[in-house]
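A short write-up of the structure that comes next.
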Amino acid sequence: MAKRVREPEPESVEPDLIVAAAGDRLQSPLAVVLGSPRQAAELASSLDAHDEATCFQLDIHQAERVREELKTLGSAAKVETLPDLWDIAGDFPTAVYPAQRGGERSLKIDMIEQTFHVLRPRGRLIVLSDYPDDQFFPGQLKKIYRRVHTPDAGEGRVMWCQRDGDRPRRRHEMTFHARIGDNPSLRFLSRPGVFSYGRFDEGARALMEVVYEHQIARPGTRVLDVGCGCGTNGIFAGHWSGPTGRVTFVDSNVRALAMTEHNAKLNGLSNYKLLASSTLDRLDIRGFDVVLANPPYYAHHAIAELFIRRSRPLLTAGGRLYLVTKQPDALGPMLADVFGRAEVAERRGYVVLWGTVARGND
Ligand SMILES: C[S@@+](CC[C@H](N)C(=O)[O-])C[C@H]1O[C@@H](n2cnc3c(N)ncnc32)[C@H](O)[C@@H]1O
């Protein structure tokens, strides 16, 4: 998978810069679109009527962090986590989008499009870029809003536009096909903000090739796909497990779960469950035969470690966790520590690690 490096939290100058650049164009109730937890909370608290502000997030872990920041600031702003911004409750005169440096380009385009539909007529979108004289946003904003303003006080980082008229909702999405071994090819829909957009990830392919070769997902197998993204891995395993098998998909990103549900139905999976969780601690089902994981690299392996440690008690005796990584030196010992032993296969430039729960040891 592509490396995602978490940026350091930006300095907290954004509300001041936005207020200086946008002035009386900032009106309540305010919608704050994504942004780092601190940025989002500071922006939501920047107007007097901050209890009317709503922060939108795609990921429940990020949303929780925004709530914590709001609490610290003594703000009563709301936080909503939904697959689509345009489904948020409210009718906003102003939306502020603090776009993150190095964030996914397609998600930025999607957010510009979706913000249009949550603004009331003549409502304003204010974009804060991390780059002075940003070259990306003005062109993209013009496609949706026609005119873009870059006030001098914004240091070339603040842009605003106004909603005029109406336009149809346009969903940004891409379909891809993937197959493992000589199995039939499956079709998946993907959307910005969900891993992996527009393609089957090579790491995921390496993982599923090893799982298929081991014939570990057989009819009746109970599978947990942790950090499921758009659902590819669990859906492959669900096919091999057949109607007597069962797949549970978990992700902290609610758009990922919406995509997974769509793809599970698209590919005829009947026995599956979806759970939004960032801690794996609300799983009411246990007794999995296989756990599949392609963890993100950010947060210094903390998420990989969470997946490894939390999945162990969810497995049956003889059950296995399969995890794909490019960092086996860090994750191999962790897996061996939890399972007693880590086994390894190299594939497509990735390392697939697995640990087995010893029988009679549960
Ligand atoms: C590298 S992607 C893998 C997606 C998919 N399994 C694949 O192989 O293409 C990692 C996934 O883990 C999810 N994730 C990150 N932190 C998480 C957490 N604490 N709990 C649950 N899911 C998490 C992300 O939202 C993302 O969908």
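Between residues in region 228-240 that are in the same structural domain as residue 210 (by TED's automatic domain parsing) and residues that are part of a loop (DSSP other than H, G, I, E, B) and small (Gly, Ala, Ser), which pairs lie under 7 Å by C-beta distance while being six or more apart or on different chains?
Here the result reads 229/196; 237/217; 238/245; 240/217, each pair linking region 228-240 to a residue that is part of a loop (DSSP other than H, G, I, E, B) and small (Gly, Ala, Ser).
Among the residues of region 34-55, is there at least one that is assigned to a helix (DSSP H, G or I), free of Cβ contacts under 8 Å to residues at least 12 places away in the same chain and farther than 21 Å from residue 253 by Cα? First the steps, then the outcome.
Residues of region 34-55 that are assigned to a helix (DSSP H, G or I), as a first pass: 37-44, 50-52.
From the residues that got through so far, the ones that are free of Cβ contacts under 8 Å to residues at least 12 places away in the same chain too are none.
Checked region 34-55: no residue is assigned to a helix (DSSP H, G or I), free of Cβ contacts under 8 Å to residues at least 12 places away in the same chain and farther than 21 Å from residue 253 by Cα.
Take region 216-243 and flag every residue that is in a loop (DSSP other than H, G, I, E, B), away from the ligand (no atom under 13 Å from the Cβ) and either in contact with a strand residue (DSSP E or B) (Cβ under 9 Å, 6 or more places away or on another chain) or among the charged types (D, E, K, R) (or both). Lay out the reasoning, then the answer.
Going through region 216-243, the residues in a loop (DSSP other than H, G, I, E, B) turn out to be 216-221, 227-231, 242-243.
Remaining after also requiring away from the ligand (no atom under 13 Å from the Cβ): 216-221, 242-243.
Selection gives 216, 217, 218, 220, 221.
From the residues in region 42-97 that are of a type in the set (Lys, Arg) and within 23 Å of residue 19 (Cα to Cα), which one is surrounded by the fewest Cβ atoms within 10 Å (Cβ to Cβ)?
Our first condition is that a residue be of a type in the set (Lys, Arg); within region 42-97, this holds for 65, 67, 71, 78.
With within 23 Å of residue 19 (Cα to Cα) added as a condition, the list becomes 67, 71, 78.
Details: 67: 18, 71: 11, 78: 20.
Step by step, filter region 42-97, then rank; the result is 71.
Would you tally the residues in region 318-338 being of a type in the set (A, V, I, L, M) and in contact with a Ser or Thr (Cβ under 7 Å, 6 or more places away or on another chain)? Full working, then the answer.
To start, the set of residues in region 318-338 that are of a type in the set (A, V, I, L, M) comprises 321, 323-324, 330-331, 334-336, 338.
Next, only the ones that are in contact with a Ser or Thr (Cβ under 7 Å, 6 or more places away or on another chain) stay: 321, 331.
Counting residues in region 318-338 that are of a type in the set (A, V, I, L, M) and in contact with a Ser or Thr (Cβ under 7 Å, 6 or more places away or on another chain) gives 2.
Condition first: within 11 Å of the ligand (Cβ to nearest atom) and under 25 Å from residue 350 (Cβ atoms). Now tell me which residues in region 264-299 satisfy that.
Selection gives 278, 280, 292, 293, 294, 295, 296, 297, 298, 299.
Looking only at region 252-308, count how many residues are over 24 Å from residue 183 (Cβ atoms), of a type outside the set (A, V, I, L, M) and touching a residue at least 40 places away in the same chain (Cβ under 8 Å).
First pass over region 252-308, keeping only residues over 24 Å from residue 183 (Cβ atoms): 252-255, 257-258, 275-287, 295-308.
If we keep only those that are of a type outside the set (A, V, I, L, M) too, we end up with 252-253, 255, 277-279, 281-282, 284, 286-287, 295-298, 300-301, 305, 307.
Adding the requirement that they be touching a residue at least 40 places away in the same chain (Cβ under 8 Å) leaves 252-253, 255, 277-278, 287, 295-298, 307.
Selection size over region 252-308: 11.
So which of 209, 155, 261, 202 is away from the ligand (no atom under 15 Å from the Cβ) and among the acidic types (Asp, Glu)?
Numbers: 209 fails: away from the ligand (no atom under 15 Å from the Cβ); 261 fails: away from the ligand (no atom under 15 Å from the Cβ); 202 fails: away from the ligand (no atom under 15 Å from the Cβ).
So the residue among 209, 155, 261, 202 that is away from the ligand (no atom under 15 Å from the Cβ) and among the acidic types (Asp, Glu) is 155.
What are the residues in region 244-297 that are in a helix (DSSP H, G or I) and under 22 Å from residue 184 (Cβ atoms), if any?
First pass over region 244-297, keeping only residues in a helix (DSSP H, G or I): 254-266.
Passing the criteria: 259, 260, 261, 262, 263, 264, 265, 266.
The values are calculated or read from the model by the stated rules, or taken from the named source; none is laboratory data. Everything numeric here is computed off the predicted structure, so don't read it as measured data. Here the Cβ is made from the backbone with ideal geometry for all residues, glycine too, and neighbour counts use every protein chain on show.
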